[in-house]
1. Rg to Rh ratio, region B:154-239, alpha-carbon atoms and Kirkwood radius?
2. So who's got an amide H within less than 5 Å of the one on residue A:366, skipping anything under 5 residues away but keeping other chains? H placed 1.01 Å off N, in plane.
3. If I histogram all Cα-Cα distances within region B:281-597 using bins 20 Å wide from 0, what percent of pairs lands in each bin?
4. May I ask for the net charge around residue A:436, where only other residues with Cβ less than 15 Å from the Cβ of residue A:436 are counted and Lys, Arg are +1 while Asp, Glu are -1?
5. Once you wrap a convex hull around the alpha carbon atoms of region C:56-119, what is its projected area averaged over all directions, in nm²?
6. What's the long-distance tail for chain A, i.e. % of Cα pairs beyond 39 Å?
7. How big is D for region A:273-397, in µm² s⁻¹ as a whole number, if Stokes-Einstein is applied with the Kirkwood radius of its Cα pairs at 4 °C and 1.567 mPa s?
8. How many Cβ atoms of partner chains, on average, are near each residue of A:485-496 if near means within 10 Å of its Cβ?
Amino acid sequence: MIAAAATSIKAPYIDWAAFSPIVALICGAVIVLLIGLLPGRRVREQIVPGATVLTLLATLGLTIWQWGENTSIISGALAVDRLSLVLNVVFVATGLVTVVMSLRERATVQAGQGEYYTLLLASLAGMAVLVAAQNLVTLFVGIELLSIPLYVLCASELQREKSLEAGLKYLVIGSVGSATLLFGLSFIYGATGSTDFSGIAAALSSKGETIASNPLMLTGLGMAVVGLGFKAAIAPFHQWTPDVYEGAPSPITSFMSVATKAAAFGIFLRFMDVAVIDEALTWQPLLAALAAITIVVGNVGALAQTSVKRILAWSSVAQGGYLLVGIVVSSAAGLEATLYYLVVYVVMNLAAFSVVVARERETTHGDSLSAFAGLGSKRPILAVPMTIAMLSLAGIPATAGFIGKLNLIGASVDGDYAWLGVLIAIGSAISLAYYLRIVAVMWMPDRRGDSPETDRPHGQPEIIGLAIICSAATIFFGIIPSPIYDLVRGAGESIGLL
Amino acid sequence: MTLATSAWLVLACPLVGMLSIALLGKKLSPRLAGTIGTLAIALAFAFAVVTLIKLQQLPSNARLETTSLWDLANVGGVKIEVGLYIDPLSTFMILIVTGVSTLIHLYSAGYMQTDKGYVRYFAYLNFFVFSMLLLVLAGNLILLIVGWAFVGAASYMLVSYWYRRETATAAGIKAFVINVIGDIGLVLGTLFLFRTMGVLDYGQLFSNIHVAFDKDAPELVAAMLLILVGAFAKSAQIPFHTWLPDAMEGPTPVSSLIHAATMVTAGVYLIGRLHPLFEWAPTAAAVGAIIGAITLLVAGSIGLVMTDLKRVIAYSTMSQIGYMIMGVSAAAYVGGFFHLMSHAFFKALLFMAAGSIISAMGGNQSLNNMKGFRKAMPFTFACFLAGGFALSAFPLFSGFFSKDTLLYEVGARGGWYWALYVAGYVGAAFTVFYTWRMIFRAFWGQPCKEAVVVMETGDAYHPAQHTNPHTGNEDDPSTQEVEDPEVGFPGHEHRYAEKTWQMRYAMIPLAILAVFAGVIQLPFGITNVISDFLHPTFADSTVAYMPEDSGLEAFGLILSSVIAIVSLIAAYWIWVRRPGSSAAIQARLPWIHKLFVNKWYFDELNHAVIIAPMAAVGRFAKNTFERIVIDGAMVGGATGIVRAGSSVVRSGQSGYMRAYASLIVLGLIGVALYFLIESA
Amino acid sequence: MLSTYLPALVFVALGAVVGGSFAVLNQVLGPAKSKLVATGDPYECGLPSEVKQGFRFGISFYLIAMLFILFDIEVVFLYPIAVELRAFGTFALLETIVFVVLLMVAFIYVWRRGALEWK
């Protein structure tokens, strides 16, 4: 019996070329870990980040090499298509930015350079797997590979209590999310008898009614939505976000707020628009309701905060609500609008976080709003990028955020969810209150004169450079958005959406 | 140079000016910044003239060009271009905007010379002109919204320009908030249109509207009403008008440019631009016309009793824009835009002259303290007089012809439009009264101490200490908040027109235009420059185009002249010959005076209807939040979990993992329940 | 049906007999109970069998136990491949090598970081 089974086992064909970006990330993680063991300060502080950057650049190169591919690899476990490739670029870019932000970060010293950067690369590999996943098992592997390094990274500033608390909270709550997701996935497998997205879709469309109204399937779908919603910080599964974002070291917060979000929405898009697209009429109203709740909760929650990282955390919740709108409509236009907004969201959020990181190191006020008081006159080189980022996040015209929201509103109107478009507009109006508050703090001269001195004015040219590059890109894409259109065009088609 | 190129250059000039001033910033000497700013706008005006010439070279049935640089959005059937729509109407507007702006930049260069924020001021002002031109030239509703929002932002920055004054920042915020309400209306209205029609380009909107909607279809009316909300907020129409009088906190040239000549007319432009849509939704158009009529009466009546010089002119602006909104909503396009033009000239002039007086008064703005400036400031007096004659529609001045064309077109539509016609003439009487009340009180009588100082020393009056006229009793500086002259007034040195050539040279052309601009569109078809020029834009109008009813036209002209002259004499009687009679009238009709002085209680109404309920909600949320967090933290355990889990938003942000986890579980139960109910 | 489970039953029975006999023999043949604390416990090393509140054990123990379990479980994966390597072919061999290399890296890391040293 065993022999019979053995002869029937055939090694899956692996398209190494298409798989190469993920392989590069994993190899890089291993190598960086080993380099980190070498003795010497110089090794730790220069060669380890250097090797990380090299890995990321190699990944970028391989991704570009595969540009235009549209295949399934490893027996259909992973898809290499426009959606995953675009997001790979996003991840690599975010990774590079995070490395630069981390160069002078205390956490890297406390946790060990090798460990810190290895975890970063491992998490990126998880993201790359996740957005390419088209099988429930790879989906879960991807999500765990993404999450576990992040739990540790959140706690990597070992001597700060808040950081440890953030890591522990994220671990515990994250496990609840993962468990829910896994539970849901097993239900879906039970109902459809397949772990492949295409198999699930086939089961749903062929058996039609019987499965579509099957409580097992629907409960599973619900749990999967909750699990994915947790990763994407969709309300009411968002509550960990402000606490974790506030506690984690700022470069990691920045990394989580953009890359994790992009990964979660990437798989959300693929799962909803490929595997369970035939159930769209059932889940659309639910996701629409979640999007509405998220927009409201995120924007309202941000209002009375005094920590800039907390404001940005709530803001990222609200932005997630906007992004969800593109998934709700489940059309190519919606997918492309979501992808578009993801790209610009990454750019503008990174601009904001660069300034937060820079300011955190310059003053003793941490990320409190008071660290930004009077920044406009003292350090306009930081205040201008921050202002641009805030205006763009709020969706003011002539910034990339405006175009992104416009696309989402357009897609929502197109997909007969006009009320969500209206809600995006209203949400943006509310969001002005807290985004402009930051702007006001920076530019209004401080009457009491207690704006923080630049206590530790050591130069951080790399972070200032980041802030300038990201904010310039925000403006550039706000005026000339076509490069991003070219980037995302075809993503909907590549996964079979009309 | 092609038509498209020149139009783009009109837009580019102020943008380049703004960027170069803002980027060079402190490296620029203030004088140079002023020169760059003024030259940029003057150049824009030159290109606007080129645009006009190129446009006129086209055959009259093809005077329309669209041009686009690149796509702003091109996803899933939505295609929005960065494109311009160049036709007679937009050309007409850019000529007025750039022309008046050039003069006001020049005026500012003198008036603001000693202000500390001079460079910043010009960057803002150029930004405003750029935004306004973008609004006017935009080729689709999205780009218009962009310009619309920018204009609001520019207005906010300029109203709060003296940001160290708390009253100024409060006024700026008020203006911004009301404008954002309008923006939301505009965006939603646009969405409504887009939902059905799927296009946002003017050309496609206009050609498809008759197919997409039935005439006066409820959805179309709803969309147009929402767009009207945008127009009302920007043009300070009831009930969105309360920000405009407060916006007088900005420097006087700003009031002149933004809050009189250009920005506040954006609503008029919007209605005119979208006239095929409004004509297809007559109900919405009627609402616009009625609101315009109400505004012109209410604002005119408030103007009668205000004692702050700038606020009188502000209410006058509201009232005059009420005429225009009424006009364009009632399809009186020629009259509406003719009045927009002449109003831009004479109102800009009046503000400039008022700025000159306020300078001479050392910052005091109350009419109760001004007296007898006639001899002290003859040039300012002459300009004020020219503007006053035009505003009060005195026969043969520009305002006379424009207001009359407007009312004639409205009246010629017959039916219930007669009510608007009558309202317009009643408003005309108000206009004459408040105009001449200002003039008689400021320029006639025994010179006040400031006027005496000007006459004797040849320099403006400098009070011992500067005060904020918007605090305390406006007549008595000793009750007002004391402030640095840098805070709320352009510097230590006061500039008034007689002593400052830039101010003078800016006012002279406007005075000439205020007096004579009427000749380009005389009644009975004697001259038809404006109606001929705008004809291609409004040729498709089905409702009205320059009626032929010389009897009505003649009646209107006579009525108008009689009102102007009789009211002028009455005003002279009240405020010059019998100075006590206005007080006697006040004593006789105290409730009317009280109603007018309190601005018909609109601020209170807003407070009761909008602000108070919002504040109550806010208080409730705060109290509940406190209770839940404190209780949750103290009681903890099961009740804490339940409360934290069930309370919404921040109140649930307790920091406890168990609370977070339970909310996830609760959410999961909700989601699962939804699906199970769905499957059943 | 039952015959399929017979080996398992035999295994369980054997386990019970061996385990039980050791316990009984220990009781019968071993020296009489000592008063010493250490020898009174079921196991002489490791954690006390009865953990009281406030008890702390060395983190090194915890760490080494964790690492042991990790590597132990990883080795379990090698067994099926070793048994049926011919059927799986070179692909599986390569995969195994990759797996072992990764394990090696982890081991080197743990070793170099000093996690295996008892502190």
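1. Details: Rg = 16.8 Å, Rh = 14.5 Å.
Taking Rg over the Kirkwood Rh, I get 1.16.
2. Under 5 Å from the amide H of residue A:366: no residue qualifies.
3. Final binned percentages: 32, 53, 14, 0.
4. Values: positive: A:437, B:174; negative: B:183.
Spelling it out: positives minus negatives among the neighbours equals +1.
5. Numbers: hull surface 19.1 nm².
Mean shadow area of the hull around the Cα atoms is 4.8 nm².
6. On the way: 23928 of 123753 pairs.
Taking all Cα-Cα pairs of chain A, the fraction more than 39 Å apart is 19 percent.
7. Value of D from the Cα-based Kirkwood radius: 81 µm²/s.
8. Details: counts 4, 0, 0, 1, 2, 0, 0, 2, 0, 0, 0, 0.
Other-chain Cβ atoms within 10 Å of each residue's Cβ, averaged: 1.
Each reported figure results from applying straightforward, stated rules to the coordinates on display, with no laboratory input. What you see is a predicted model; the values in this text were computed from it and never measured. Note that each Cβ is placed from the backbone with ideal geometry, even for glycine, and that neighbours are counted across all protein chains shown.
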